[in-house]
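Okay, structure first, notes after.
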Amino acid sequence: MIEVYRHDPEKRYREYIDSAAHHILHRQSRLPDGTLVRGFPQKWTLWTDDLYMGISFLVRVGELTGDRRYFDDAALQVVNFQKYAFDTRTGLMYHCWYSDIQRPGVAFWGRANGWAMLAQVDLLDRLPKEHPGRDTLLVLLRRQMLGIARYQGAEGLWHQLLDKPDSYLETSCTAMFTYAIARSVNNGYIEPRYASIARRGWEGVLSRIRPDGQVEGVCAGTSVSDDLVAYYKRPTPMNDIHASVLCSLPGRKYSS
């Protein structure tokens, strides 16, 4: 809506944006430390996916209004989500964290990690250069990218469950990681040598696009679960809506 408003500044669009901005600052469910959470499946549950669902809006409202509160909130979400969901042993983020029992879920789900990585890059792209949290955000992004890099398969693809090579190779998380790493190299967030990971990821994505343009291997929408087998068995319908992430890949720089 914010992107539409930039091109077509109708009053009704701005009213919708302002209403949503007020909701996220004052009404959205949060932990006492300000972390965004959901009221389900348990109260209150952190979904790693929501790092993107929240930040993509917050940073654009910050740009639109010039109000630093939105950038500060977005930076806080990255720090707190990493605090709760990032596993230092594997270098990956759990799909969820349950505040009622103070523990994470069971799965290092590919697309959840993809959403989190996209969110961090999106934030750095728009965060004012002088923001005091910028250096911390760069450290956290590089830490996650190093973790993700360890699990890339020989085909350039990542698995549905990142640490489970017996789970299927999944297209949407591969696209997300490829985008985030390529953009981070281009923008100087990580070292140029990471470009080889993006190149292989791009080759992996291309291998899942059929000659007629159909996209395969994309996991259907997935809720958090404590049943690891449920992640193994999530369907991959042809041209699942989550394949639309492929449309934004800046892979041309790394492919011939």
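Just a few scattered comments:
- Rolling a 1.4 Å probe across the protein heavy atoms gives the chain an accessible surface of 47 Å² per residue.
- Scanning the chain for GluC sites (Glu not before Pro) in DSSP loops with at most 12 neighbouring Cβ atoms within 10 Å leaves 131-256 as the longest stretch between them.
- Accessible surface of the chain [probe 1.4 Å, protein heavy atoms]: carbon and sulfur percent: 52
- Taking a straight line from the alpha carbon of LYS233, these aspartates and glutamates sit under 18 Å away, with near neighbours fewer than eight places off in the same chain left out: ASP163, ASP166, GLU170, GLU216.
- Taking all Cα-Cα distances within the chain, those exceeding 27 Å account for 37%.
- Note on segment 1-49 and segment 191-237: Cα centroid distance 28 Å, given to the nearest whole angstrom.
- Per-residue ellipticity at 222 nm from helix content only, as computed over the chain with -39500 (n - 2.57) for each DSSP H run of at least four residues, stands at -15500 deg cm²/dmol.
- Between the residues MET93, GLY66, SER56, the greatest Cα displacement towards the positive end of the dipole of segment 50-99, with unit charges on the Cβ of Lys, Arg, Asp and Glu, is found for MET93.
- Partner aspartates and glutamates for LYS83 [C-alpha distance under 17 Å; skip if fewer than 8 residues away on the same chain]: ASP33, ASP49, ASP50, ASP72, ASP73, ASP100, ASP135
- Mean separation of Cα contacts under 8 Å (6+ apart) over length of the chain, as relative contact order %: 15
- Burial ranking of peptide ranges 220-227, 25-32 (average Cβ count within 10 Å, highest at the top): 220-227, 25-32
- Placing ILE209, ILE101 in order of accessible area, with the largest value first and a 1.4 Å probe, yields ILE101, ILE209.
- You can think of it this way: the chain between LEU64 and ARG210 has 48.6 nm of extra reach, that is 0.36 nm per residue less the Cα-Cα gap.
- Whether segment 84-185 is rounded, prolate or oblate, judged on the alpha carbon gyration tensor where a/c under 1.5 counts as rounded: oblate
- Rounded if a/c under 1.5, otherwise prolate or oblate - segment 135-256, Cα gyration tensor axes: oblate
- Toward the positive end of the charge dipole of the chain, with +1 on the Cβ of Lys and Arg and -1 on the Cβ of Asp and Glu, the farthest Cα among GLN77, LEU140, ALA119 is that of LEU140.
- Shape category assigned to segment 17-151 from the gyration tensor of Cα positions, a/c cut at 1.5: oblate
The values are calculated or read from the model by the stated rules, or taken from the named source; none is laboratory data. Since this is a predicted model, take the numbers as computed values, not measurements. A quick note on method: Cβ atoms are made from the backbone with ideal geometry, for glycine too, and the neighbour counts reach across all protein chains shown. Ligands, DNA and RNA are stripped out before the accessible areas are found, and what is left, the full protein with its side chains, is counted by its heavy atoms. Shrake-Rupley method; radii C 1.70, N 1.55, O 1.52, S 1.80 Å.
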